[in-house]
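Chemist: Sharing a structure with you now.
The values are calculated or read from the model by the stated rules, or taken from the named source; none is laboratory data. All of these numbers come straight from a predicted model, not from anything done at the bench. Neighbour counts run over all protein chains shown; Cβ positions are idealised from the backbone, glycine included.
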Amino acid sequence: MSDHTHGTHEVGEIPPADTGVIWRTFWILLAITAVEFTLAYFMKAGGLRTSIFVIMTLIKAFYIVGEFMHLKHEVKSLIWAIVVPVIFIVWLLIALLTEGGSIFELR
(Lines give C-alpha, C1' and ligand atoms only; values in the text may rest on other atoms or scores of the structure.)
Protein backbone atom coordinates (compact mmCIF):
# COMPACT_ATOMS: atom_id res chain seq x y z
CA MET A 1 0.00 0.00 0.00
CA SER A 2 1.13 3.52 -0.65
CA ASP A 3 1.47 6.20 1.99
CA HIS A 4 -1.17 8.93 1.56
CA THR A 5 0.34 11.45 3.94
CA HIS A 6 1.53 14.70 2.43
CA GLY A 7 4.52 16.48 3.87
CA THR A 8 6.05 15.63 7.21
CA HIS A 9 2.87 15.87 9.32
CA GLU A 10 0.75 13.05 10.55
CA VAL A 11 -2.75 12.54 9.21
CA GLY A 12 -5.16 14.88 11.00
CA GLU A 13 -2.36 17.05 12.40
CA ILE A 14 -2.60 20.74 11.53
CA PRO A 15 0.63 22.20 10.12
CA PRO A 16 2.04 25.25 11.94
CA ALA A 17 0.81 28.56 10.57
CA ASP A 18 3.21 31.00 8.98
CA THR A 19 2.09 34.12 10.83
CA GLY A 20 5.13 36.21 9.94
CA VAL A 21 3.69 37.28 6.58
CA ILE A 22 0.35 38.16 8.18
CA TRP A 23 1.99 40.28 10.87
CA ARG A 24 4.21 42.05 8.33
CA THR A 25 1.12 42.87 6.26
CA PHE A 26 -0.66 44.09 9.39
CA TRP A 27 2.17 46.45 10.36
CA ILE A 28 2.53 47.85 6.83
CA LEU A 29 -1.21 48.55 6.54
CA LEU A 30 -1.23 49.99 10.08
CA ALA A 31 1.62 52.36 9.21
CA ILE A 32 -0.12 53.58 6.05
CA THR A 33 -3.37 54.07 7.95
CA ALA A 34 -1.55 55.97 10.74
CA VAL A 35 -0.03 58.30 8.14
CA GLU A 36 -3.49 58.84 6.67
CA PHE A 37 -4.96 59.73 10.06
CA THR A 38 -2.05 62.06 10.81
CA LEU A 39 -2.52 63.85 7.49
CA ALA A 40 -6.27 64.09 8.07
CA TYR A 41 -5.68 65.69 11.45
CA PHE A 42 -2.90 68.14 10.54
CA MET A 43 -3.46 69.00 6.86
CA LYS A 44 -5.93 71.60 5.73
CA ALA A 45 -8.71 70.25 3.53
CA GLY A 46 -8.07 70.65 -0.16
CA GLY A 47 -7.14 68.99 -3.39
CA LEU A 48 -3.64 68.00 -2.25
CA ARG A 49 -4.94 66.18 0.82
CA THR A 50 -7.61 64.42 -1.22
CA SER A 51 -5.04 63.37 -3.82
CA ILE A 52 -2.74 61.99 -1.12
CA PHE A 53 -5.65 60.02 0.40
CA VAL A 54 -6.62 58.56 -2.97
CA ILE A 55 -3.03 57.52 -3.71
CA MET A 56 -2.56 55.96 -0.26
CA THR A 57 -5.89 54.16 -0.53
CA LEU A 58 -4.87 52.73 -3.90
CA ILE A 59 -1.55 51.59 -2.43
CA LYS A 60 -3.38 49.82 0.40
CA ALA A 61 -5.87 48.29 -2.00
CA PHE A 62 -3.15 46.92 -4.29
CA TYR A 63 -1.23 45.60 -1.29
CA ILE A 64 -4.32 43.87 0.10
CA VAL A 65 -5.15 42.35 -3.29
CA GLY A 66 -1.55 41.24 -3.75
CA GLU A 67 -1.22 39.63 -0.32
CA PHE A 68 -4.64 38.27 0.60
CA MET A 69 -5.90 37.42 -2.88
CA HIS A 70 -2.44 36.08 -3.82
CA LEU A 71 -2.25 38.18 -6.98
CA LYS A 72 1.36 39.05 -6.18
CA HIS A 73 2.35 35.45 -6.85
CA GLU A 74 0.58 35.17 -10.23
CA VAL A 75 2.03 35.58 -13.69
CA LYS A 76 2.43 39.12 -14.98
CA SER A 77 -0.08 38.71 -17.81
CA LEU A 78 -2.88 37.92 -15.32
CA ILE A 79 -1.92 40.93 -13.21
CA TRP A 80 -2.03 43.22 -16.26
CA ALA A 81 -5.35 41.69 -17.35
CA ILE A 82 -6.80 42.84 -14.04
CA VAL A 83 -4.97 46.17 -13.61
CA VAL A 84 -5.54 47.65 -17.09
CA PRO A 85 -9.37 47.50 -16.95
CA VAL A 86 -9.27 49.01 -13.45
CA ILE A 87 -7.18 51.91 -14.78
CA PHE A 88 -9.72 52.52 -17.54
CA ILE A 89 -12.61 52.38 -15.07
CA VAL A 90 -10.88 54.93 -12.82
CA TRP A 91 -10.26 57.13 -15.87
CA LEU A 92 -13.94 56.82 -16.83
CA LEU A 93 -15.07 57.80 -13.33
CA ILE A 94 -12.77 60.83 -13.29
CA ALA A 95 -13.98 61.87 -16.75
CA LEU A 96 -17.62 61.49 -15.74
CA LEU A 97 -17.13 63.48 -12.54
CA THR A 98 -15.27 66.33 -14.23
CA GLU A 99 -17.49 66.53 -17.31
CA GLY A 100 -20.70 65.88 -15.39
CA GLY A 101 -20.43 69.22 -13.62
CA SER A 102 -20.45 71.12 -16.90
CA ILE A 103 -24.15 70.36 -17.48
CA PHE A 104 -25.00 73.01 -14.90
CA GLU A 105 -22.80 75.61 -16.62
CA LEU A 106 -24.61 75.24 -19.97
CA ARG A 107 -28.00 76.24 -18.58
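Chemist: Do we have any residue at all in the stretch 75-82 that's outside any helix (DSSP H, G or I) and β-branched (V, I, T)? If you could, list the steps in order and put the result at the bottom.
Modeler: Kept after step one, since they are outside any helix (DSSP H, G or I), are these residues of the stretch 75-82: 75.
From what is left, the residues that are β-branched (V, I, T) are 75.
Yes: the stretch 75-82 contains one or more residues that are outside any helix (DSSP H, G or I) and β-branched (V, I, T).
Chemist: Does the stretch 89-104 include one or more residues that are in a helix (DSSP H, G or I) and under 13 Å from the mean Cα position of the chain (by Cα)?
Modeler: Looking through the stretch 89-104, none of the residues is in a helix (DSSP H, G or I) and under 13 Å from the mean Cα position of the chain (by Cα).
Chemist: Let me ask something additional. Would you say G66 is out of contact with any Pro (no Cβ under 9 Å at 6 or more places or on another chain), in a helix (DSSP H, G or I) and surrounded by 11 or more Cβ atoms within 10 Å (Cβ to Cβ)?
Modeler: So G66 passes the test.
Chemist: Please identify the pairs in which a residue from the stretch 38-58 that is more than 21 Å from I28 (Cα to Cα) has its Cβ atom under 7 Å from the Cβ atom of a residue that is in a helix (DSSP H, G or I) and at pLDDT 85 or above, counting only partners at least 6 apart or on another chain.
Modeler: These pairs meet every condition: M43/R49.
Chemist: Follow-up. Going by the conditions given, is V86 surrounded by 12 or more Cβ atoms within 10 Å (Cβ to Cβ), at pLDDT below 85 and either of a type outside the set (A, V, I, L, M) or in a helix (DSSP H, G or I) (or both)? Working first, answer last.
Modeler: Details: surrounded by 12 or more Cβ atoms within 10 Å (Cβ to Cβ): yes; at pLDDT below 85: no; either of a type outside the set (A, V, I, L, M) or in a helix (DSSP H, G or I) (or both): yes.
When the stated conditions are applied, V86 does not pass them.
Chemist: Quick one: in the stretch 10-31, which of the residues that are more than 20 Å from H70 (Cβ to Cβ) and among the aliphatic types (A, V, I, L, M) is surrounded by the fewest Cβ atoms within 10 Å (Cβ to Cβ)?
Modeler: Per the criteria, the residue is I14.
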